[in-house]
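> Dumping the structure here so I can ask a few things about it.
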Amino acid sequence: MTVNYTGFLPNGKLFDSSASDGRPLRCRVGRGEVIKGWDEVLQLLPAGSRARVWIPAALAYGAKGARNPDDDNRYIVPPNTDLVFELEMVKVTK
């Protein structure tokens, strides 16, 4: 699958976006390449569709959160944080 995404914390703070890489994300669903919430929702989106989804912490980064790769003492996503994503399904591959 190929998807454009923008991820926000519940307070509206941007924490990640495919635009920062300059291209959509390519991933395979159900193989642990993305958070569990994405595994569930991406299967429902046909090519060309857009969705805004709320992912509960248990289906995102859970109690571990997501640490900043440049500073292990800081979090990009704090533990037990729900997430909001704006998704655009660019291409569906089987």
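The values are calculated or read from the model by the stated rules, or taken from the named source; none is laboratory data. What you see is a predicted model, and the numbers here were worked out from it, not measured in a lab. Every residue, glycine as well, gets a Cβ built from its backbone with ideal geometry; the counts of neighbours run over all protein chains shown.
> Please find, among Arg23, Arg74, the residue that is in a strand (DSSP E or B) and loosely packed, with under 14 Cβ neighbours inside 10 Å.
Arg74
> Same structure again: Filter region 36-50 down to the residues that are surrounded by 11 or more Cβ atoms within 10 Å (Cβ to Cβ) and either among the polar types (S, T, N, Q) or without any contact (Cβ under 8 Å) to a residue 40 or more places away in the chain (or both), then identify the one that is nearest to Thr93 (Cα to Cα).
Out of the qualifying residues, it is Gln43.
> Turning to a different aspect of this structure: Would you check if Val53 is surrounded by 12 or more Cβ atoms within 10 Å (Cβ to Cβ) and assigned to a loop (DSSP other than H, G, I, E, B)?
Considered against the rule, which asks whether it is surrounded by 12 or more Cβ atoms within 10 Å (Cβ to Cβ) and assigned to a loop (DSSP other than H, G, I, E, B), Val53 comes out as no.
> Still on this model: Of Val41, Val53, Val92, which residue is modelled with pLDDT under 95 and among the β-branched types (Val, Ile, Thr)?
Matching residue, one of Val41, Val53, Val92: Val92.
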